[in-house]
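The structure appears below as structure tokens.
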Amino acid sequence: MLGLSALLPLLVVPFASAAPKSRATTCNGHAELCDRSYGNVTFMGSHDSFAYSDDPLALARDQEVDIPSQLDLGVRLLQAQSHMNGDDLHFCHTSCILFDGGKVVDYLTVVKTWLDSNTEEVLTLLFTNPEAVSLTDVWKPAFDDSGISDLVYVPPNLPMKQSDWPTLGDMIDSGKRVVVFMDADSDPSQVDFILPEFDMIWETPYGYTDDSFPCSIDRTSNAQSTADHMYMINHSLNLKIGDITISDPGEADTTNGVDSIVAAADKCVSYSEDNTYPSFVLLDFVNLGDAKAAVDKLNGF
């Protein structure tokens, strides 16, 4: 017969293993966001996030600071355009000759390192796939090799309505706190975590040269009603040099300011269900202006 000292470990271990997992107390910087649905939060986004340079003569750049710096500034959606460069998938601006941001797997590894150090953050990745590169043979291995596959959220059904997404707290508690969208040629039957953007998000036009940023629905799909979509406002001011349109860093302080962003968001509210603000505000030169304060205001802070 076992003595009491021998029985104690057997009695204690089951209770210890059944201890509840601690819940997130801060989500994307605010305790209040833990109970708010992913579809009812406004996130600051970085357009062409890989295309960063502090060289003012690098006309193809759309950012000035690197990925960790963008994330530290409050960016919670990273957008990037992909192209094959030889045998490897890279993030490039229109062409890898014009601006080559390096291998996708290296980019994702940098993001994963940041996520590992910031465990109470939900992040969205929005990638383009203009060359219809294989999801299973090229894209998924990049996610797997970087480790981000362990963090990706897979919805229980598609398309997800704006009102059906889990709360940020639930996503963080589950460890599935990275949402991945692709603008074209996604197929969840092949890779279940790469989600079709326009089935769940509509966008305003891009390439604005009008600083009043009039709102209209530019890209979407008929997978569900407009009101059931989340939406993204493209809020970058551009200038034309001959036939070339480039982002204008000289106006970024104003464009990325609270007044400009909130005014643009107000113009789009009527398109949404329950008059909600945009889920994503996509910006160039995120280190300029005061976009974080604008997004906080849209979130009610």
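The set of residues in the range 123-134 that are in contact (Cβ under 8 Å) with a residue 40 or more places away in the chain, surrounded by fewer than 20 Cβ atoms within 10 Å (Cβ to Cβ) and not β-branched (Val, Ile, Thr) comprises Pro130, Glu131, Ala132.
So in the range 147-182, with the set limited to residues that are of a type in the set (S, T, N, Q) and within 17 Å of the chain's Cα centre (by Cα), which one is surrounded by the fewest Cβ atoms within 10 Å (Cβ to Cβ)? In this case the residue turns out to be Ser149. Looking only at residues in the range 210-223 that are among the small types (Gly, Ala, Ser) and exposed (fewer than 12 other Cβ atoms within 10 Å of the Cβ), the one that is farthest from Ala252 (Cα to Cα) is Ser216. Restricting attention to the range 54-87, the residues being without any contact (Cβ under 8 Å) to a residue 40 or more places away in the chain and either among the polar types (S, T, N, Q) or in contact with a helix residue (DSSP H, G or I) (Cβ under 7 Å, 6 or more places away or on another chain) (or both) number 1. Based on what the data block shows, is Leu239 of a type in the set (A, V, I, L, M, F, W, C), over 17 Å from Glu203 (Cα atoms) and at pLDDT below 95? Answer is yes for this residue.
Being in contact with a Leu (Cβ under 7 Å, 6 or more places away or on another chain) and under 16 Å from Asp48 (Cα atoms) holds for only one residue in Phe285, Phe280, and it is Phe280. When the range 261-301 is filtered for residues that are out of contact with any helix residue (DSSP H, G or I) (no Cβ under 7 Å at 6 or more places or on another chain) and of a type in the set (Gly, Ala, Ser), the ones remaining, listed by number, are Ala263, Ala264, Ser270, Gly300. The set of residues from the range 183-233 being farther than 17 Å from Tyr153 by Cβ, among the hydroxyl-bearing types (Ser, Thr, Tyr) and in contact with a strand residue (DSSP E or B) (Cβ under 7 Å, 6 or more places away or on another chain) comprises Thr204, Tyr206, Tyr208, Thr209, Thr220, Thr226, Tyr231.
Residues of the range 74-106 that are surrounded by 15 or more Cβ atoms within 10 Å (Cβ to Cβ), over 13 Å from Glu131 (Cα atoms) and among the aliphatic types (A, V, I, L, M): Val75, Leu77, Leu78, Ala80, Val104, Val105.
The values are calculated or read from the model by the stated rules, or taken from the named source; none is laboratory data. Values in this document were obtained by computation on a predicted structure and should not be read as measured data. When we count neighbours, we look across all protein chains shown, and the Cβ atoms used for this are built from the backbone with ideal geometry, even at glycine.
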